Ligand SMILES: [Zn+2]
């Protein structure tokens, strides 16, 4: 039995592996796929030929004469392959398989698109939520800046605007005091035989002094008695004067806005201690008591 090499011989390991390998191969969608089907049909149709064909495949060294003795099964297979009905069936099978695969691919693509859409919508929702949160935080910050600026300037929050950059600006036409928390130390009136033309506020050297409204700088420099001094002409023609300053942050001709720092308080000129000397000249004329005039603007000290 061990020398038996006929078709009932158990498969060798290499043969088994070759067969398994072939089974694992993907089913091609070409005519090559149809051919084994057609070949199988041929073998069924001609049982005698099939036996011979299988034998011839396994037996190497067989000569042409021997092959002819089997009745030329290959010729029969050739005939079967060219059989129009069988060829048509093969073509139909291929077409159906291709159609099935195309349908599957299409459905898979649709499914992928659907998943992508769903992920896209989720990402969009997350983006909107993040945007909303960011805007809410920015709005809260602006509100805080507005409140702080309003408190600092002594004005209503309604007259404070906070830009996208977080910078607070006071609405045009609004008036503010030159100092935060001013402390009056000496008022307008006669003193030592002459007129003290303004109000004095005791304040530490280096305290920011701000423009009381929108205007233009008409003087910035030194003046006898006043020391370092800044005059601002406002839109209504009123001129304010700040004396005894330690630093000037503006120049003549410069436009200034409400609350803008124009310099720092000091102790320059004829001064007996760090303070701001403030004068108000309505219409650029004679000085008036600042306290009453500022009270008319809703500002009190
Ligand atoms: Zn004074």
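Computed from the coordinates by the stated procedures, all read-outs in this text should not be read as laboratory data. No experiment lies behind these values; they were computed from the predicted model shown. Note: ideal-geometry Cβ built from the backbone for every residue, glycine included; neighbour counts use all protein chains shown.
Sort 97-106, 206-215 by packing, meaning the average of other beta carbons within 10 Å per residue, with the highest value first.
Working: 97-106: 11.2, 206-215: 21.3.
Descending mean neighbour count gives 206-215, 97-106.
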> Which value in nm describes the separation of the simple spin-label points at residue 194 and residue 152, placed 7 Å from the Cα toward the beta carbon?
Replying inline: 3.7
>> I need the peptides 115-128, 134-147, 226-239, 178-191 ranked by packing, meaning the mean over residues of other C-beta atoms within 10 angstrom, with the highest value on top.
In response: 226-239, 178-191, 134-147, 115-128
>> Considering only C-alpha atoms, what is the centroid distance from the range 104-128 to the range 248-301, in Å?
In response: 66
> At what distance in nm do the modelled label points of residue 136 and residue 108 sit from each other, each positioned 7 Å from its Cα along Cα→Cβ?
Replying inline: 4.4
> What nm distance separates the two modelled labels at residue 186 and residue 9, each placed 7 Å from Cα along Cα→Cβ?
Replying inline: 13.0
